[in-house]
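Inspection log for the structure reproduced underneath, given as structure tokens.
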Amino acid sequence: MLTVEQFEALLAKDAPAPREIELPLERALGHALAEEIRAERDSPPFDRAMMDGYAVRSADPGMARTNVDEIPAGRMGSRPLKPGECARIMTGAPVPPGADAVIPHEKTGAEGDRIRLLVSVRPGENIAARAGDARAGDVLLKPGTPLGPAALAAAASAGRAKLRVHARPTVAILATGDELVDAGAPPPRPEQIRNSNGPMVAAQARSAGFEAEHLGIVRDDRGALRDAIARALERHAVLVLTGGVSAGSYDLVIEALKAEGVEPVAHKVALKPGKPIFYGRRGGRRVFGLPGNPLSSFVTFEIFLRPALGRMAGLDLRRPRSRARIDGEVRKAIDRVHAIPARLEAGVATPIFPASSGDILCMNRANAFIMVPVRTTCARGDEVEVLRLDA
């Protein structure tokens with residue numbers, strides 16, 4: 001059985017290289033950039049007025065000027081300014097040659113073409129200097145940059161309508177077990193439960209930015225499992241199964257995976273909840289077997305699968321970790337890392353002890369996990385590590 005750190009390191013080392021694709025700018029949001037983006041020209045490409053007002057020569061004596069031009073955004077001035085002249089200018093317009101400052105309209109008075117400055121101005125005032133943001137050829141975005149709205153704006157400013165990005169793998173989810181019935185099915189019999197894992201894991205993958213398809217429930221039957229696994233691996237880069245990865249007589253998932261050519265890489269990790277997790281591969285495909293208990297599936301996805309999917313897409317999707325004071329006690333030391341649902345507010349983590357590893361309802365109140373190290377107890381007020389789920 002691997003430690004949490006060993007399992008994380010194994011997944012990082014074994015991650016397949018991200019695949020590159022080209023996407024239109026408007027579809028690249030959330031992807032990792034796979035190329036370098038350079039400025040096609042200076043930014044701004046000219047000295048730009050930062051507000052409506054008058055372009056002036058700051059060194060001219062006196063406070064009166066003669067207005068000789070009007071310059072809207074998108075048009076150059078008709079000529080350079082001479083001593084004693086000014087030009088009415090709009091926000092974003094090019095400052096005419098000779099001018100070195102812009103005075104806001106509300107700080108002037110006008111009598112026809114005669115403009116009186118009500119305050120003095122300094123050189124460069126209210127002007128965004130040419131190339132103040134970037135010079136032509138400067139690197140605007142490096143490979144690996146996550147493409148958020150600001151990064152896409154930078155790419156657009158460089159004239160890029162298409163971008164080379166890392167593809168995000170598609171994810172298939174199969175829930176296994178004879179005891180499962182779907183949410184829309186008739187009420188379960190006493191021995192049955194609703195399938196919450198499938199929709200939950202699909203939602204976790206989608207919330208991380210991946211296309212995920214919940215393929216439904218597969219019964220505890222070797223033939224049915226093999227058929228479902230084979231179909232999923234034909235179409236998807238990542239397959240996630242929930243349930244059937246422990247050591248019971250009806251835990252048939254790993255056997256079926258091996259029969260379909262999946263090479264086992266790791267099985268079991270020193271984590272509570274989540275110990276039975278399985279990881280394997282078939283060529284460039286990656287397969288994860290999560291425990292059937294809903295809380296165990298939720299925990300293992302957030303700690304292991306979310307970062308693993310991110311690496312396949314060239315993104316760092318690890319949940320942030322920080323320190324907090326615990327408002328509660330952990331009295332029992334165990335031989336595994338213990339991930340305890342918690343409510344984190346203002347640096348204080350209040351544990352929400354689940355009734356069992358199947359108690360997913362407790363996560364409705366949680367926004368973090370307290371990560372209790374192996375063989376460790378906690379007293380109220382102790383500093384603990386928390387894995388945040390809301391950032």
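Go over the candidates G92, G62, G77 one by one and state the one that is assigned to a loop (DSSP other than H, G, I, E, B), in contact (Cβ under 8 Å) with a residue 24 or more places away in the chain and not hydroxyl-bearing (S, T, Y).
G92
Scan region 267-279 and give yes if some residue there is out of contact with any helix residue (DSSP H, G or I) (no Cβ under 9 Å at 6 or more places or on another chain) and more than 16 Å from L10 (Cα to Cα), otherwise no.
No, because not a single residue in region 267-279 is out of contact with any helix residue (DSSP H, G or I) (no Cβ under 9 Å at 6 or more places or on another chain) and more than 16 Å from L10 (Cα to Cα).
Exactly one condition in (1) of a type outside the set (S, T, N, Q); (2) within 30 Å of A55 (Cα to Cα); (3) out of contact with any strand residue (DSSP E or B) (no Cβ under 9 Å at 6 or more places or on another chain); (4) surrounded by 13 or more Cβ atoms within 10 Å (Cβ to Cβ) is false for G159; which is it?
Failed condition: (4).
Please work out which residue is nearest to D178 (Cα to Cα), limiting yourself to region 223-281 and to residues that are acidic (D, E) and crowded, with 16+ Cβ neighbours inside 10 Å. Don't jump to the end; show me each part of the working.
At the first step, the residues of region 223-281 found to be acidic (D, E) are 227, 234, 251, 255, 260, 263.
Then drop every residue that is not crowded, with 16+ Cβ neighbours inside 10 Å, which leaves 251, 260.
Working: D251: 11, E260: 21 Å.
Only one residue tops the list, namely D251.
Looking at region 25-33, is at least one residue charged (D, E, K, R), surrounded by fewer than 19 Cβ atoms within 10 Å (Cβ to Cβ) and not assigned by TED's automatic domain parsing to the domain that holds R160?
Within region 25-33, not a single residue is charged (D, E, K, R), surrounded by fewer than 19 Cβ atoms within 10 Å (Cβ to Cβ) and not assigned by TED's automatic domain parsing to the domain that holds R160.
Please verify whether S296 is among the hydroxyl-bearing types (S, T, Y), under 26 Å from the mean Cα position of the chain (by Cα) and surrounded by fewer than 23 Cβ atoms within 10 Å (Cβ to Cβ), treating the condition exactly as stated.
no
Can you work out which of the residues in region 162-199 that are under 30 Å from E20 (Cα atoms), crowded, with 21+ Cβ neighbours inside 10 Å and among the aliphatic types (A, V, I, L, M) is nearest to the chain's Cα centre (by Cα)?
Filtering first and then ranking leaves V165.
The values are calculated or read from the model by the stated rules, or taken from the named source; none is laboratory data. On a predicted model such as this, the values are computed, not experimentally measured, just so you know. FYI the Cβ positions are ideal-geometry reconstructions off the backbone, even for glycines, and counts take in every protein chain you see.
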